[in-house]
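Following: one structure in structure tokens, then a few remarks.
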Amino acid sequence: MVVVDEVFKTIRSVPVLDGVSAEFPSGAVSVLTGPNGSGKTMLLRVIAGLVRPTSGSVEVDGRKLHRDAPFPESIGILLEGPAFIGSLSGRDNLRALADLREGVSDAQIDDLIARVGLAGFGRRRYRTYSLGMRQRLGIAAAVMGAPSLILLDEPTNALDDEGVVMAKGVMRAVCDAGATVIVATHDADVVQDVADVRWRMAQGRISHVTGEEGRRHE
């Protein structure tokens, strides 16, 4: 569970987040929609602990960020496009990230590479990857190790139709495993197919749209 309470973020006297309050439940996919510049990515950055709000608070699983902990204890992130080491293979990039955590085996990494549609490409250098392949690897990195909080910013960017189906399947799977999944997207298919709860952002403000019962209860 993520609780955002009256969060304001001002940059150079310009309000980017304007009193945002929302609850994002565990075991659900919460989708943020809204135009460019509405504050979606900034909100994800604040929830991730990457940006400290000007005022207000963010609580993740009962712990307030910047008071009880600087970052969420268990988190996977894909924000504003993936970034990896170009000289390493896709697999070695995931292995390097996995080494910062515990309990991610080589077999699990190989299974994850196949799951995101990169079977046969895991040992190719990242610099040779197409934009769609890079996005697939970014999704793999975000869900690796089964984090309890997963933040995805435009996860279907640069993906072909098959990749979009994969991404939606991954989102549903990690949600069904109990993760709190928060997705910022313009993709109407993602909103339609995977959203349990929908929020709309505009000019730094947020409003609840649908999802009291949740798609998973249909």
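Each Lys or Arg adds one and each Asp or Glu subtracts one; over the other residues with Cβ under 11 Å from the Cβ of residue 147, this totals 0. Applying 1/(1 + (r/R0)^6) with R0 = 25 Å to the Cβ-Cβ distance of residue 83 and residue 110, what FRET efficiency is obtained, to the nearest 0.05? It comes to 0.65. Across 196, 161, 61, mean-square fluctuation computed from a Gaussian network of the chain (C-alpha pairs under 10 Å connected) peaks at 161. Listed by chain and number, the lysines placed with their C-alpha closer than 28 angstrom to that of residue 64 are 9, 40; residues fewer than eight positions away on the same chain are left out.
Around the amide H of residue 21, modelled in the peptide plane, lie the amide H atoms of 6, 7, 206, all under 5 Å away and 5 or more residues distant in sequence or on another chain.
All other residues with a Cβ under 11 Å from the Cβ of residue 15 taken together, and with Lys, Arg as +1 and Asp, Glu as -1, what is their net charge? Show your work: numbers first, answer last.
On the way: positive: 9, 12, 205; negative: 18.
Surrounding charge for residue 15 is +2.
What is the sum of charges, Lys and Arg at +1 and Asp and Glu at -1, for the other residues whose Cβ falls under 12 Å from the Cβ of residue 113? With Lys, Arg at +1 and Asp, Glu at -1, the neighbours total +2.
For the chain, adding -39500 (n - 2.57) for each run of n ≥ 4 DSSP H residues and dividing by the number of residues yields -9000 deg cm²/dmol at 222 nm.
Ordered by the number of other Cβ atoms lying within 10 Å of each residue's own Cβ, fewest first, 64, 168, 9 fall into the sequence 64, 168, 9. Across every direction, the projection of the convex hull enclosing the Cα atoms of segment 3-109 has a mean area of 8.8 nm².
Arrange 11, 182 by Cβ neighbour counts within 10 Å, fewest through most, would you? Mind showing how you got there, number by number?
Values: 11 11, 182 25.
Ordered from fewest to most neighbouring Cβ atoms within 10 Å, 11, 182 come out as 11, 182.
Can you put 46, 2, 51, 209 in order of Cβ neighbours within 10 angstrom, beginning with the fewest? Walk me through the intermediate numbers first.
Values: 46 24, 2 20, 51 17, 209 14.
Ordered by Cβ neighbours within 10 Å, fewest first: 209, 51, 2, 46.
No lab work stands behind these numbers, since they all come straight from the coordinates. Here the structure is a predicted model, which is why all the values come from computation and not from measurement. Cβ: placed from backbone, ideal geometry, glycine included. Neighbour counts: every protein chain shown.
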